[in-house]
Amino acid sequence: MKRLIRNTLGVLFIILGLAGLVLPFLQGILFLAIGALLLSPDIKFFAKIENYISRRAPRVGRAIKRLKKRFPILAT
């Protein structure tokens, strides 16, 4: 059940992010990042992106770890 909710929210945030890239009042990149974080445990593509970003920008990697620790739905 938790996986279904996480994936549904992830897809919703990805859709909002794509709309936000076109619409001026939505923050598209932010919604895309949240959606990718939600989908990364289940979709290898987003997990690879997360790992790449964590390697290239260690500060961002530490922030992602803190987010996953604070919100367990992101980690499982």
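Please treat every number below as a calculation from the coordinates, not as lab data. These numbers were taken from a predicted model, which means no experiment stands behind them. Because the Cβ atoms are built from the backbone with ideal geometry, glycine has one as well, and the counts that use them run over all protein chains shown.
Tell me which chymotrypsin sites (Phe, Trp or Tyr not before Pro) from the chain have a DSSP coil assignment and no more than 10 other beta carbons within 10 Å of their own.
Working: sites: Phe13, Phe25, Phe31, Phe45, Phe46, Tyr52; in loops: Phe25.
Taking the chain and a limit of 10 other Cβ atoms within 10 Å, the loop chymotrypsin sites (Phe, Trp or Tyr not before Pro) found are Phe25.
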Problem - ³J(HN,Hα) computed for each position of region 52-62 - Karplus, 6.51 cos²θ - 1.76 cosθ + 1.60, integer Hz, glycine/proline x - result: 4, 5, 5, 6, 6, 10, x, 4, 5, x, 5
Completion exercise
Note on the chain: contact order normalised by length, alpha-carbon pairs under 8 Å, 6 or more apart, percent, works out to 24
Problem - Kirkwood estimate for the chain, i.e. one over the average of 1/r between Cα atoms, Å - result: 12.6
